Amino acid sequence: MAILGKASSAAVALSVAALAGCVLLRSLGFGAEPLAFSHSRHVVGEKLDCANCHAEALVSDEPGMPSPDTCRVCHAEFDSAKPPDRRVETLFREGQYIAARTSALASEVVFSHKLHAARQACNECHRGIERNERASRLRPERMEDCSACHSARKVADDCATCHREITRAWEPASHRSNWKRMHGPAARAHAEATADRCSVCHTESTCSACHQSQAPENHNAFWRLRGHGVAAMIDRENCAACHEPMSCERCHAETRPRNHVGFWGQPRDTHCLVCHQPLAAEGCVACHATAKSHLSAMRKPTDHYPGMDCRACHGVSQRLPHVDNGDDCNSCHL
């Protein structure tokens, strides 16, 4: 019983601590639910235009958030029968709309609301605003959205158009720590964050120009002699970022692969074990495109048929001219 009592006390203490932590985080703005304001009810239900509430949206650089007086035009009557905690005044604190900066852009971004509102509908940037049930972030989350719109409207493609500090020479924080080693995996990950999208600042020619003069870190002596073949079979697309098929063919036409040692060819012909099942091969054709040996295999004698057990004789009482690779003999001997 004493043990149970201690366990219960500990559980209560943990619960109180967790509750206190939640209260503290919410007081700091973490984990708080978005303000329960329904754009859907006002835009779809009441058929209000955005400018009915956002009076300054078309003439100010700021979006023109509603004031208590703006809301009271309608709500003075609507709220008369509601309890105090359900009235429109709960959306304001000291006369300021509580969720006024919910969708605010970073201070580093140059943005004029009136210039945008005069040229396009509100929901082109505030997507889904007409169906929104809470005052949450409703603005373009990706720079591509802004760039695509600017490109269609022939806006200057320059960082200074939208940014105060960022220029073409600016580097994201990720580029400052071991980036030379880590940029390859990051580029192949195709992450959605703006700072992780290489195409924002770089083109394909940027990568090609650099890697033509500077090989990746893993391209050492071991890579040249043994490692690159395995890597090429696993991830051919990665090699293709810098190399064309001709570069492989040109090298291997002069240099034999290191596995071409004794018994590779005649009289044991062990090379067939590399290409045939369960392994798949694409590489042999690079050097042996004109080899006719696979097309001139001996035909089965007339008294042999495909369903026969070839290995009952061949390889036992009859000598095989090559290694038995485990394939169906009929695949070569027709």
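The values are calculated or read from the model by the stated rules, or taken from the named source; none is laboratory data. All of these numbers come straight from a predicted model, not from anything done at the bench. Here the Cβ positions follow ideal geometry from the backbone for every residue, glycine too, while neighbour counts run over all protein chains shown. With ligands, DNA and RNA removed, areas are computed over all heavy atoms of the protein, side chains included. Shrake-Rupley method; radii C 1.70, N 1.55, O 1.52, S 1.80 Å.
At a probe radius of 1.4 angstrom, the accessible area of the range 178-274 per residue rounds to 80 square angstrom.
Relative contact order (percent) for the range 93-221, with alpha-carbon contacts under 8 angstrom and 6 or more residues of separation? The partial results should precede the final answer.
Details: 56 pairs, mean separation 25.0, N = 129.
Once normalised by length, the contact order is 19 percent.
Give, as ranges by residue number, the residues of the range 184-201 whose backbone N falls under 19 Å from the point 7 Å along Cα→Cβ of residue 238. Only 184-191, 198 fall inside the zone, counting backbone N under 19 Å.
Taking Cα pairs under 8 Å and at least six residues apart, what relative contact order does the range 49-149 come out at, in percent? Display every interim value, and only then the final one.
Numbers: 87 pairs, mean separation 26.7, N = 101.
For the range 49-149, the relative contact order is 26 percent.
Dividing the convex hull volume of the alpha carbon atoms of the range 137-226 by its residue count gives 141 Å³ per residue. Per the Debye formula with a single identical scatterer at each Cα and no solvent contribution, what log10 I(q)/I(0) holds for the range 151-195 at q = 0.27, 0.34 Å⁻¹? Values returned for q = 0.27, 0.34 Å⁻¹ are -1.01, -1.19.
I'd like the carbon and sulfur percentage of the solvent accessible area for the range 193-279, probe radius 1.4 Å, heavy atoms only, ligands and nucleic acids excluded. Numbers along the way, then the final one.
Working: 4120 of 6950 Å².
Its accessible area is 59 percent carbon and sulfur atoms.
Summarising the amide proton neighbourhood of residue 163: residues at separation of 5 or more, or on other chains, whose placed amide H is nearer than 5 Å comprise 110.
Calculate the all-directions average of the projected area of the range 187-255's alpha-carbon convex hull, and give it in nm². Write out the running numbers ahead of the final one.
Values: hull surface 22.5 nm².
About 5.6 nm², averaged over all directions.
Subtracting the Cα-Cα distance from 0.36 nm times the residue separation, let me have the gained length for residue 40 to residue 317 in nm, one decimal.
Numbers: separation 277, 0.36 × 277 = 99.72 nm, distance 8.62 nm.
Between residue 40 and residue 317, full extension yields 91.1 nm more.
Rounded to the nearest whole Hz, the Karplus-based 3J(HN,Hα) values (6.51 cos²θ - 1.76 cosθ + 1.60, θ = phi - 60°) of the range 314-330 follow the sequence 6, x, 10, 8, 10, 6, 8, x, 8, 5, 6, 8, x, 6, 5, 4, 5, with x at glycine and proline.
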